[in-house]
Amino acid sequence: MKYLQLISVSLTILVASIANGNTGKKLNVLWIIIDDQSPWHSIYGNDLVKTPNIDKLATRGVLFTRAYSESPVCSPSRSALITGSHAIRLGTHDHRSSRTKENQIFLPENFKTAPEIFRENGYETYNSGKDDYNFFYKKSDLYSIMDKKADNKLAKYGKSGQGSGDWSDIKSQKPFFGQIRVSGGKDVGDQLPDLLAKSGYPAVKASQVTVPPQYPDIHEMRYNIAMHMNTVMQTDIEVGKVLDRLEKDNLTDKTIIFLFSDHGSDLPRSKEFCYSEGLHVPLIISVPESIEGIESGTVRDDLVSLIDVTGTSLVLTNQNIPESMDTLNVFDKSYSREYVFSASDRSANVIDRVRSVMGKRYHYIKNYKLDRPLFNYGHREMMAIDYPDSKYGYFAKLRSMYEDGLLNEIQATPFGDRTVEELYDLQNDPNETVNLASDKNHTEELVVMRAALDGWIEETGDKGAFKRSSKSLVEVVQRMPPHWLKSPEFRDFFDEIQPAP
């Protein structure tokens, strides 16, 4: 049996019947997916930003304060969402994998993704943003509304499988399951403050922010923290446009809206890394008044896995969760996750293996690749080195400060030797700066969470534990500059494979 997966038939039927209230008509489901954004919105207590549209959305439904992503990088997280399953179970854990004909990853036979299930149950489906899934598929199997020319997932690397379609394209009377991307933390530029001003949003300035202790208090850090807050307000503008369109098309009372991010911010220790700042995401589920049993304006502080967006979407529309999925329904009366498990493996050019157990108070991390530091010249740092004027330029400055001895012990940790285990008390150390794994006063928590991780790895058959195939390595070698590939696993391939120019 999968961890906390099986839901009693009676409760599933009960919640499913509640989902549509007395209308007897299927509701639409809309996923608004934010790229790379931490829960820094005003509804989450950030006084430096204003997010009226997102705040209003939360008043119509439920705000989750402790939702965590399956992975701190885009494609494994999105692969887990669309399959409702742990990426390490299905082999979709390496970032941007299955992007060549030679290295195709297939889902188990007869496995159905969320859009396919919706289609089988009478829904039109579309994705107007990126899919970014790490398995082979045909778009037309997942989406009924799309650009037929795009019916091949094997697009050029970097295009991220951009989708197409919109609810306005639907000609039938069927309800829809739609996915929309909003820019989030990816679209950062010096012009952002001016764009915000034109919409009446006061931009956050570098002088206003507080730099957390894991980073040096330098202008570059202040600027990028401020800019991430500004992307939060840009997201609010984009979300507002979507909500206005729903209202104009008389769809607000017919649509269940899920607003969430695929993982945390783009700061140095966030994206690609299994710290809380890389995994903690915003999650709002806004429901029409016709759904009974879900109180508007509710705030929930219990642990939630982001993959439960999938199961909740299915159950709230009178559909069953397949036993092949790990996802749960967050509104089931028996819903409870003692832990949320996450994983980080290959992120672009760097190979790693990290597993995370997020508990109610403590966060446990296990590192498997101790022959390399945490900051191992990932793609953002290599962009900083090759293109100093890029938005990642400050990554190079952090390394320079480390080499010059200008970082304190906490700030220098990611550049040095790694430890097998990390344990953080989120109540007293929310920024995860003090590793308690060797503290005898916390041995009990360490042993319990270590055992929980071992159980998850065994139960999922963690495919990240296996040696990568030569085809999977070649796939990366052929699309990355040679000097970017510093992970030891790539060394044996340079003599026999022509790297990218």
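Every number in this text was worked out from the coordinates using simple rules, so none of it is lab data. All of these numbers come straight from a predicted model, not from anything done at the bench. Because the Cβ atoms are built from the backbone with ideal geometry, glycine has one as well, and the counts that use them run over all protein chains shown.
Given bins 20 angstrom wide, list per bin the percent of all Cα-Cα distances in segment 9-338, short to long.
32, 60, 8
What number results when the radius of gyration of segment 405-501, computed over Cα atoms, is divided by 2.2 N^0.38 Å?
The reported ratio for this selection is 1.53.
Can you list residues whose amide H is under 5 Å from LEU283's amide H, if they're 5+ apart or on another chain and H is modeled 1.01 Å from N?
PHE64
Taking 0.36 nm per intervening residue step and subtracting the Cα-Cα distance, what contour gain separates GLU292 from LEU370 on full extension?
Length gained, GLU292 through LEU370: 23.0 nm.
Tally the DSSP beta bridges in the chain and give the antiparallel ones as a percent, rounded to 5.
Details: 28 of 50 bridges.
The antiparallel fraction comes to roughly 55 percent.
Counting only residues 5 or more places away or on other chains, whose amide H sits under 5 Å from the amide H of GLY91 once H atoms are built in the peptide plane?
LYS463
Run the helix sum for the chain: -39,500 (n - 2.57) per DSSP H stretch of 4+ residues, divided by residue count, reported at 222 nm to the nearest 500 deg cm²/dmol. Numbers along the way, then the final one.
Details: 15 runs with 142 residues, N = 501.
Using -39500 (n - 2.57) per qualifying helix, the result is -8000 deg cm²/dmol.
Out of segment 422-475, which trypsin sites (Lys or Arg not before Pro) are coil in DSSP terms and have no more than 10 other C-beta atoms within 10 Å? Present the calculation step by step, with values, prior to reporting the outcome.
Numbers: sites: LYS440, ARG450, LYS463, LYS467, ARG468, LYS471; in loops: LYS467, ARG468.
Answer by residue number: LYS467.
At a 10 Å Cβ-Cβ cut-off, how would you order HIS228, HIS263, HIS86, HIS219, fewest neighbours first?
With the fewest neighbours first, HIS228, HIS263, HIS86, HIS219 line up as HIS219, HIS228, HIS86, HIS263.
Cut-off is 10 Å between beta-carbons; in what order do ASP308, ASP47, ASP194 appear when sorted fewest neighbours first? Kindly include the intermediate steps, with their values, before the conclusion.
Working: ASP308 27, ASP47 7, ASP194 10.
Ranking ASP308, ASP47, ASP194 by Cβ neighbours within 10 Å, fewest first, gives ASP47, ASP194, ASP308.
Taking neighbour counts of Cβ atoms within 10 Å as a proxy for exposure, in what order, fewest first, do PHE493, PHE106, PHE64, PHE375 appear?
Taking fewest neighbouring Cβ atoms as first place, the list is PHE106, PHE493, PHE375, PHE64.
Determine ³J(HN,Hα), in whole Hz, for all residues of segment 291-306 in sequence, where each value follows from phi through the Karplus function 6.51 cos²θ - 1.76 cosθ + 1.60 and θ = phi - 60°; x replaces Gly and Pro.
Karplus values, whole Hz, x for Gly and Pro: 7, 8, x, 10, 7, 5, x, 6, 10, 10, 10, 7, 5, 9, 8, 4.
Could you tally up the Lys pairs in segment 354-486 with alpha carbons closer than 30 Å? Skip any pair fewer than 8 positions apart unless they're on separate chains.
The result is 22.
Once amide H atoms are built 1.01 Å from N in the peptide plane, which residues 5 or more positions from THR255, or in another chain, come under 5 Å H to H?
Those qualifying (amide H under 5 Å, at least 5 residues apart or on another chain) are ASN28.
Ratio of segment 159-291's C-alpha Rg to 2.2 N^0.38 Å, to two decimals?
1.25
Of the peptides 376-383, 365-372, how do they stack up when ordered by the mean number of other Cβ atoms within 10 Å, highest first?
Details: 376-383: 20.0, 365-372: 16.5.
Most protected by this proxy first, the peptides run 376-383, 365-372.
Based on the inverse mean of 1/r over its pairs of different Cα atoms, what is the Kirkwood hydrodynamic radius of segment 32-77, in Å?
It is 12.0 Å.
Return the sequence-ordered ³J(HN,Hα) values of segment 119-127 in whole Hz as given by the Karplus equation 6.51 cos²θ - 1.76 cosθ + 1.60 applied to θ = phi - 60°, using x for Gly and Pro.
Those phi angles translate into 4, 5, 9, x, 9, 7, 10, 7, 9 Hz.
Quick one: what are the phi-derived ³J(HN,Hα) couplings along segment 316-321, Karplus 6.51/-1.76/1.60 with θ = phi - 60°, whole Hz, x for glycine and proline?
For segment 316-321, the Karplus-derived couplings read 5, 10, 6, 10, 8, 8 Hz, x marking Gly and Pro.
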